[in-house]
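To start, the structure itself, in structure tokens.
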Protein chains: 2
Amino acid sequence: MKQVIVITGASSGFGALTARALARSGHTVYAGMRATTGRNAAQVEQARAYSQEHGVDLRSVELDVQSDASVKAAIERIVAECGRIDVVIHNAGHMSFGPAEAFTPEQFAELYDINVLSTQHVNRAALPQLRKQGRSLVVWISSSSARGGTPPYLSPYFAAKAAMDSLAVSYAGELARWGIETSIIVPGAFTKGTSHFAHAGAPADKARAEEYANGPTADFGEVAFKGLAALEPPGANPEAVATAIVKVVDTPFGKRPLRVHIDPSEDGAEIVNSVADRVRAELLRRIGLGDILKPSAPGGRRQAPSARADRSRRARPE
Amino acid sequence: MKQVIVITGASSGFGALTARALARSGHTVYAGMRATTGRNAAQVEQARAYSQEHGVDLRSVELDVQSDASVKAAIERIVAECGRIDVVIHNAGHMSFGPAEAFTPEQFAELYDINVLSTQHVNRAALPQLRKQGRSLVVWISSSSARGGTPPYLSPYFAAKAAMDSLAVSYAGELARWGIETSIIVPGAFTKGTSHFAHAGAPADKARAEEYANGPTADFGEVAFKGLAALEPPGANPEAVATAIVKVVDTPFGKRPLRVHIDPSEDGAEIVNSVADRVRAELLRRIGLGDILKPSAPGGRRQAPSARADRSRRARPE
């Protein structure tokens with residue numbers, strides 16, 4: 001079934017690949033990016049050419065995830081043009097590389113803004129529509145770093161992605177009874193095939209970074225990155241992430257997995273998340289909220305709160 | 001051995017309990033808090049009285065974790081008075097309660113600031129001193145929510161604590177060769193005995209919060225909190241967290257645990273973290289950085305980077 005999809009950060013990387021793959025699968029895809037008439041004008045033109053060449057419905061939309069006004073305008077345009085939004089994909093993200101101590105608090109805040117607050121801007125703009133429709137889907141592009149093994153020197157990014165994954169899990173439960181399903185995509189490190197690593201930011205405090213570069217940590221700058229790259233099997237391809245997302249979107253409502261891992265390096269996130277998602281399910285059942293492990297079908301959200309209240313009384317301490 | 005310790009957020013809760021317990025154990029403890037001459041003047045007086053009554057060395061220090069200038073002044077005062085800082089304890093934190101969708105991005109940013117950027121302010125002020133000394137310790141008060149089961153309606157807090165835990169793990173590796181040890185304390189939910197839950201912030205978007213209160217999620221506000229409280233066995237006491245921290249501080253350098261869980265409700269974080277810390281160790285060994293799983297003894301940090309370079313070459317892709 002043809003779905004209306006918006007994806008953030010779609011000018012490059014996983015975002016651009018996924019937008020194209022979803023369009024090829026027959027969906028109407030809004031590729032969100034900022035500066036559509038400025039530095040991403042070429043990306044807009046490429047998307048238009050791609051759409052025409054393949055006879056698919058791929059549309060670029062101005063969407064700066066750090067701006068409330070820009071996000072609102074993008075969501076309003078989509079609803080105006082299509083009358084609905086079936087799928088929101090949180091993909092926008094940015095990385096930085098260097099010793100934790102050499103990043104200023106402002107740099108940490110900026111990474112949080114791009115990787116996490118971005119999703120909150122989009123959710124607050126889009127969720128009223130998704131809740132009204134029901135049978136809709138939110139997809140989060142998390143990172144294996146949130147739960148897998150991690151090398152040094154990526155701390156502001158790792159912290160932000162851990163927060164983003166946590167937020168995805170919170171939303172999954174809070175949206176379930178509104179008929180909104182959640183899938184969390186967990187890519188491992190793809191050091192080649194996207195510009196994610198090449199575009200990584202650097203610490204603002206150069207003097208502090210120098211201390212680490214000239215101290216006992218002198219090799220970290222090289223080992224951390226090369227180590228990650230060495231774990232990657234030959235042929236690891238970020239296209240696999242796009243393929244996994246298409247599969248999730250094309251799975252019927254209520255049957256989609258909470259998580260999908262695409263981690264050729266096997267950094268362990270899949271094992272940790274299996275345990276973590278299981279203890280989450282256990283806790284929700286223990287407090288009488290086991291139903292929110294899966295989204296309610298339409299109509300379910302109109303269930304009288306009084307029926308729930310019984311369960312809440314059982315959960316109360318004596 | 002008497003150590004010089006600074007702990008943030010020590011006007012109440014875990015912080016106040018821990019500051020007193022450490023002072024009783026014979027250490028010089030700086031209880032960091034803001035507004036020492038304003039709304040926390042009573043807490044300052046209580047700490048002074050406690051110190052005198054018990055013949056211990058508990059000192060209050062003005063330390064607003066959200067202000068770079070305040071943090072710097074506090075650290076400078078401690079070094080001026082004692083000539084050293086042996087232990088930094090990141091404890092300051094704040095919680096909020098309500099539907100994720102009803103919190104503004106600014107509220108999410110504010111929670112990140114208090115719970116995460118706070119530690120970055122303190123680290124950037126204190127770590128040069130700790131690195132110079134070696135044989136020092138950083139303690140992080142994380143939360144079982146970062147890896148355990150989580151109820152709805154605590155998303156900005158859970159996201160921030162997940163980020164803080166991730167940052168603690170990054171710092172653990174990056175500081176090890178500088179002779180700095182890391183211990184992460186993981187308390188479960190203590191809904192009684194501190195004002196953590198009572199002081200929780202509320203969503204700014206009241207209209208959106210109302211939709212959740214009047215929708216299929218009507219019972220969440222009660223079930224989420226009561227459910228957590230119901231999991232807590234009778235007699236769960238936040239003093240256990242303070243006791244655990246004293247034990248960590250009093251353990252010899254190099255022998256301290258990376259993590260200590262104090263979770264009477266058994267929400268599963270201990271199980272998930274055991275797996276997560278293991279895959280982290282595995283990844284660090286695979287990329288040739290197994291040595292940073294434990295802090296180097298003084299002198300170790302002067303090891304020539306050339307010795308490390310061999311390992312980094314081995315880790316490179318062919």
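Principal axis extents of the C-alpha atoms in segment A:136-210 (largest first, rounded to whole Å): 52, 27, 21.
The A-B contact accounts for approximately 7200 Å² of buried accessible area, totalled over both chains at a 1.4 Å probe radius. For chain B, the equivalent ellipsoid built from the Cα gyration tensor has semi-axes of 32, 27, 18 Å, listed from largest to smallest. Cross-link partners among aspartates and glutamates for A:Lys255, C-alpha distance below 19 Å, same-chain residues fewer than 8 apart left out? Straight-distance partners of A:Lys255: A:Asp86, A:Glu174, A:Glu181, A:Asp277, A:Asp291. Surface composition of chain B: carbon plus sulfur atoms hold 52% of the accessible area, using a 1.4 angstrom probe and ignoring ligands, DNA and RNA. Surface analysis of chain B yields an accessible area of 36 Å² per residue, using protein heavy atoms and a 1.4 Å probe. Ascending distances from the A:Ala80 label point to its copies in the other chains, with the point 7 Å along the Cα-to-beta-carbon line: 6.0 nm. The stretch between A:Ala200 and A:Glu282 holds 25.7 nm of extra length on full extension. This uses 0.36 nm per residue minus the Cα-Cα distance. Applying a length cut-off of 27 Å (Cα extent along the axis) and a mean Kyte-Doolittle floor of -1.0 to the DSSP H helices of chain A leaves A:155-175.
Between segment A:155-213 and segment A:23-57, the alpha-carbon centres lie 25 Å apart. Only lysines eight or more places from B:Lys161 in sequence, or on another chain, were considered; those with a Cα closer than 24 Å are A:Lys161, B:Lys72, B:Lys192, B:Lys226, B:Lys247, B:Lys294. Starting from a Cα-only point model with no solvent, please compute log10 I(q)/I(0) by Debye for segment B:165-260 at q = 0.11, 0.17, 0.18, 0.21 1/Å. Once normalised to I(0) and log-transformed, intensities are -0.55, -0.91, -0.95, -1.08. The P(r) of segment A:4-150 has a tail past 22 Å containing 40 percent of all C-alpha pairs. A dipole drawn for chain A from +1 and -1 charges on Cβ atoms has a positive end, and of A:Ala281, A:Phe220, A:Ala242 the residue lying farthest that way is A:Ala281. Note on chain A: with a GNM built from Cα contacts shorter than 10 Å, the maximum mean-square fluctuation among A:Ser195, A:Ser143, A:Ser70 falls on A:Ser195. Across segment B:30-116, Cα-Cα pairs farther apart than 22 Å form 40% of the total.
Placing unit charges on each Cβ (+1 for Lys and Arg, -1 for Asp and Glu) gives segment A:24-177 a dipole about its Cα centre, and among A:Val139, A:Leu63, A:Ile85 the Cα reaching farthest toward its positive end belongs to A:Ile85. Placing a label point 7 Å from Cα along the Cα-to-Cβ direction at B:Lys192 gives distances to the equivalent points in the other copies of 6.0 nm, listed shortest first. The Cα atoms of the protein assembly as shown define a convex hull whose projected area, averaged across directions, is 27.3 nm². List the residues of segment A:48-79 whose backbone N lies under 14 Å from a point placed 7 Å from the Cα of B:Glu106 along the Cα-to-Cβ direction. Zone members listed by number: A:68-69.
If you place +1 on the Cβ of every Lys and Arg, -1 on the Cβ of every Asp and Glu, and leave all else neutral, what size is the dipole of chain B about its Cα centre, to the nearest 20 Debye? It comes to approximately 1820 debye. Computed over segment B:1-67, the quotient of the alpha carbon radius of gyration and 2.2 N^0.38 Å is 1.00.
For the protein assembly as shown, the Cβ-based charge dipole about the Cα centre amounts to some 820 debye (Lys, Arg positive; Asp, Glu negative; other atoms uncharged). In chain A, Cα pairs under 8 Å separated by at least six residues give a relative contact order of 20 percent.
Counting only Cβ charges, +1 for Lys and Arg and -1 for Asp and Glu, the dipole size of segment B:83-152 around its Cα centre is about 620 debye.
The values are calculated or read from the model by the stated rules, or taken from the named source; none is laboratory data. Note that the structure is predicted; figures quoted are calculated from it, not measured. Note that we place each Cβ from the backbone using ideal geometry, even for glycine, and neighbour counts take in every protein chain shown. Accessible surface areas use protein heavy atoms only, side chains included; no ligands, DNA or RNA. Shrake-Rupley method; radii C 1.70, N 1.55, O 1.52, S 1.80 Å.
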